[in-house]
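Novice: I am attaching a structure below and will ask some questions about it afterwards.
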Amino acid sequence: MSVHPFNSTTHFDTTPAGKDWLAGESAVWKVYNTAELNEVNMHKLLNSGILPRPIALVTTYPPVISFGCNNSASGGLRDTAANSKNKKGFTVNMWSISSLTKEKSVQVKASCLKESAISVECELYKCNINHPVTGEYKSTLIIAHVKYIHVRKTCSQTEFKPTVRLGDVSYGHVGDAFRMVPPKWEQEEVKVEDTLATLSLL
């Protein structure tokens, strides 16, 4: 796949969908202090804000976010890892448009993004990871404590189409969302046992 050369003079504006998104700014935001949330609500909130994500997501309480950054070719820290380490915090933002606006965070120095559907303020907890055999530092693992979560009140999982990073220089949009209630074991137990009994006779 050929890639067109990047033109730094090109002006980017919001898409039609982005303009519609910005028009709903008057709906303001709901900010959650994680210290005031119970485990059940925290789990639901993080599950709704981390997109796309594996079906099996392990969460902890107090809430923790982690990500890894490979070191540069010269062996030094990349900007994301260096800034997270030096500033002792960062924010995680989910958005689907350009023309982004900084918004002051409640606790950390890093800004949130006003156009983001959800912004997560994170305070650095631990970082660095060394190779289990050589002891070399080839990448940086950032572990942070989630302090505040900003959620746009009008945000809907079935309407929001976040931009996602794929492989190479490819990106995409999450679409075709649908809702599905997880099955309960109490309702499925008899069906499973009947199926296993049938299979045992084959």
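Novice: Please go through region 24-47 and give me each residue that is in a helix (DSSP H, G or I) and at pLDDT 70 or above, ordered by number.
Specialist: Going residue by residue through region 24-47, those that are in a helix (DSSP H, G or I) are 24-27, 34-36, 39-47.
The answer is 34, 35, 36, 39, 40, 41, 42, 43, 44, 45, 46.
Novice: If you take the residues in region 159-182 that are surrounded by 10 or more Cβ atoms within 10 Å (Cβ to Cβ) and not in a strand (DSSP E or B), which one is modelled with the lowest pLDDT?
Specialist: So the residue we want is 159.
Novice: Sticking with this structure for a sec: Find all pairs meeting these conditions: Cβ atoms under 9 angstrom apart; at least six residues apart or on different chains; first residue within region 28-54 and under 20 Å from residue 108 (Cα atoms) and open to solvent by 60 Å² or more (accessible area, probe 1.4 Å); second residue modelled with pLDDT of 85 or more and of a type in the set (Asp, Glu).
Specialist: Within 9 Å, the pairs are 29/103.
Novice: Would you tally the residues in region 138-158 being at pLDDT below 75 and loosely packed, with under 12 Cβ neighbours inside 10 Å?
Specialist: Of the residues in that region, 3 qualify.
Novice: Considering only region 176-193, how many residues are over 20 Å from residue 44 (Cβ atoms) and β-branched (Val, Ile, Thr)?
Specialist: Number of matching residues: 2.
Each row is one residue, and each column tells you yes or no for (1) within 13 Å of the chain's Cα centre (by Cα); (2) surrounded by 14 or more Cβ atoms within 10 Å (Cβ to Cβ); (3) part of a strand (DSSP E or B).
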position: 76; (1), (2), (3): no, no, no
position: 83; (1), (2), (3): no, yes, no
position: 86; (1), (2), (3): no, no, no
position: 90; (1), (2), (3): yes, yes, yes
position: 93; (1), (2), (3): yes, yes, yes
position: 100; (1), (2), (3): no, yes, no
position: 105; (1), (2), (3): no, yes, no
position: 116; (1), (2), (3): yes, yes, no
position: 119; (1), (2), (3): yes, yes, yes
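The values are calculated or read from the model by the stated rules, or taken from the named source; none is laboratory data. Just so you know, these numbers come straight off a predicted model, no measurement behind them. Neighbour counts are summed over all protein chains in view; Cβ atoms, including those assigned to glycine, are modelled from backbone coordinates with ideal geometry. Accessible surface is based on the protein model in full, side chains and every heavy atom, while ligands, DNA and RNA are left aside. Shrake-Rupley method; radii C 1.70, N 1.55, O 1.52, S 1.80 Å.
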